[in-house]
1. Using the Karplus equation 6.51 cos²θ - 1.76 cosθ + 1.60 (θ = phi - 60°), what ³J(HN,Hα) coupling, rounded to whole Hz, does each residue of region 6-16 give in order, writing x for Gly and Pro?
2. Going through region 1-103, which chymotrypsin sites (Phe, Trp or Tyr not before Pro) have at most 11 other Cβ atoms within 10 Å and a DSSP loop state?
3. Below 8 Å between Cα atoms, with a sequence gap of 6+, how large is the relative contact order for the chain in percent?
4. Say each of Met19 and Lys70 gets a label point 7 Å from the Cα, pointing the same way as Cα to Cβ; how far apart are those two points in nm?
5. Which FRET efficiency, nearest 0.05, do Thr26 and Gln94 yield, Cβ-Cβ r, R0 30 Å?
6. Residue by residue through region 71-81, what is 3J(HN,Hα) from phi via Karplus (6.51 cos²θ - 1.76 cosθ + 1.60, θ = phi - 60°)? Round to whole Hz and write x for glycine and proline.
7. Any idea what log10 I(q)/I(0) is at q = 0.18 Å⁻¹ for the chain, Debye with uniform C-alpha scatterers and no solvent?
8. Taking springs between alpha-carbon atoms closer than 10 angstrom, which of Met79, Met54, Met19 fluctuates most in the Gaussian network model of the chain?
Amino acid sequence: MPKVLVVDDHATMVRLLTMTLPYEYTVSHAASGPEAIELAEEFQPDLMLLDVNMPGLNGFEVLRQVKASKNLSRTKVIMVTARSDEADRNLALQLGADAYFTKPFSPLALLEEVSKLLE
C-alpha cells in the first residue's frame, strides 16, 4: 500500500489533499518543515505532497534535505503551493521535485500525477 506524506501548515489544505487521494493509500501529515523531516524518517513515504510556505523550514529546504537523505532520496515529491513564480517552479525542479502544482489546483490532475509517480 503506497504511503503519502502531506505537508502543509493549513489544516484545510491538508484535508483537501488527503480527500483527493484514494482511500487505499496510507496518509500521514505534517504542519511544518521540521515536523515533515522527522516524520518522513519514521514513516518512509513513497511520495510527499509538499507546500513551500511553512514555519520552521520552507518546502525548498525540506526538499533539499529529503533528496540529500540516504533513507529518503528515492521519495517522490510533488510541490503544491500558492507560489506561481516561474523561478520557484524551476528551483523546485532543480532540487529534485517530480512535479509542481499551484493552488488552486485541479484535484483530478493532481491525482493523475500521484498515480503516475506511484506506478
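1. 9, 10, 7, 8, 10, 4, 4, 5, 4, 4, 4
2. On the way: sites: Tyr23, Tyr25, Phe43, Phe60, Tyr100, Phe101; in loops: Tyr23, Tyr25.
Filter output for region 1-103: Tyr23.
3. 23 percent
4. Placing both labels 7 Å along Cα→Cβ, they lie 4.2 nm apart.
5. Values: r = 30 Å, r/R0 = 0.99.
Rounded to the nearest 0.05, the efficiency is 0.50.
6. 7, 10, 4, 8, 5, 6, 10, 10, 7, 10, 8
7. Those come out to -0.84, one per q.
8. Maximum among the listed residues: Met19.
Every number here is computed from the coordinates shown, using simple stated rules; none is lab data. Computed from a predicted structure; not experimentally measured. Neighbour counts are summed over all protein chains in view; Cβ atoms, including those assigned to glycine, are modelled from backbone coordinates with ideal geometry.
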